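Worksheet for the structure shown next.
The values are calculated or read from the model by the stated rules, or taken from the named source; none is laboratory data. This is a predicted model, so every value here is computed, not measured. Cβ placement follows ideal geometry from the backbone for every residue including glycine, while neighbour counts extend to all protein chains displayed.
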Amino acid sequence: MSTTDVHTVLVCLPATPEPRHAMQAATTHLALRGITADGVMPHFTPRRTGGLRGMLHTRQLIDMWQDTTAGGPLHLLDLTGMRLRAQAQAATQWLIWHHTVAGTRPAQPFWAFVQRHLDDPNGYPLPKAQDQYRAQPRVQAMTAFNAIPDRPCDLPTDCLEAFQAGQNTFALLAWLTAVPADGLATTTLSAHGGWLTPATGRLEDQLAYLRDANAYLERLPRDTTVVAMATTG
């Protein structure tokens, strides 16, 4: 099982615990899969409901930070809104990236250099792979942008392959990633051993994960409790 680059994971709980018990239940659920949790994460946007009904719904949510929650029953979470906002923000982020790297040639993603290192560890050591990756003008342009104080956004170099796929693909990836984040612990062991995350950093592996994770979430009963957790290691 791969936990590469996992920072925020969703835990789908087979029961519906009270919010104060959800963090412990999610922590235990991850531990059974060999994953160390480090507390809940503000990740979800709750549905807006006013009056007494809204107060009752809020009590079913797990830790509130202003307009964000760490989880709760799916029917109380605004998953559609999360996806649309992420898509719109990514479309703007791509335009900034496109302007930043204008005039540079397409660059190879880091995994291509790592693979060359794995094929010839002695002849092509990892430090050389890292140096040659960073020396690409397009990567240098992104790194320089990320050094600007008060910049409107970051241009993560580990998203290079996604940026180069075009604005529509980059925005759609943001839509797909908005809910499942970096990993998904399922309610049973039957689906992918109970754990979903990209096998590698390659775009094709990320897409495979996002396809399976979103399809799984779509099939869940709407009263299923999901919890966003931070992970370490």
Tell me which residues, restricted to the range 157-183, are under 16 Å from Leu210 (Cβ atoms) and either surrounded by fewer than 18 Cβ atoms within 10 Å (Cβ to Cβ) or not hydrophobic (A, V, I, L, M, F, W, C) (or both). Asp158, Glu161, Ala165, Asn168, Thr169, Thr177, Pro180, Asp182, Gly183
Selection count, the range 138-162, where residues are over 21 Å from the mean Cα position of the chain (by Cα) and of a type in the set (D, E, K, R): 3
Determine whether Thr169 is of a type in the set (S, T, N, Q), under 12 Å from the mean Cα position of the chain (by Cα) and modelled with pLDDT of 95 or more. no
From (1) of a type in the set (A, V, I, L, M, F, W, C); (2) within 26 Å of Thr36 (Cα to Cα); (3) not assigned by TED's automatic domain parsing to the domain that holds Val40, pick out the condition that doesn't hold for Met142. (2)
Quick one: Trp97 ticks every box in (1) surrounded by fewer than 18 Cβ atoms within 10 Å (Cβ to Cβ); (2) within 24 Å of the chain's Cα centre (by Cα); (3) assigned to a helix (DSSP H, G or I) except a single one, so which number is it? (1)
With the condition kept exactly as written, say whether any residue in the range 133-156 is at pLDDT 95 or above, touching an Asp or Glu at 6+ places or on another chain (Cβ under 9 Å), surrounded by 13 or more Cβ atoms within 10 Å (Cβ to Cβ) and more than 25 Å from Pro198 (Cα to Cα). yes
I'd like to know if the range 205-214 contains one or more residues that are among the acidic types (Asp, Glu), without any contact (Cβ under 8 Å) to a residue 60 or more places away in the chain, surrounded by 16 or more Cβ atoms within 10 Å (Cβ to Cβ) and more than 18 Å from Leu79 (Cα to Cα). yes
Please enumerate the residues belonging to the range 164-184 that are in a helix (DSSP H, G or I), over 29 Å from Ile35 (Cβ atoms) and not aliphatic (A, V, I, L, M). Gln164, Gln167, Asn168, Thr169
Could you please find all residues in the range 101-113 being in contact (Cβ under 8 Å) with a residue 24 or more places away in the chain and either surrounded by fewer than 19 Cβ atoms within 10 Å (Cβ to Cβ) or touching a Ser or Thr at 6+ places or on another chain (Cβ under 8 Å) (or both)? Thr104, Arg105, Pro106, Gln108, Phe110, Trp111
Name the residue that is modelled with the lowest pLDDT, counting only residues in the range 35-60 that are surrounded by 20 or more Cβ atoms within 10 Å (Cβ to Cβ) and part of a loop (DSSP other than H, G, I, E, B). Ile35
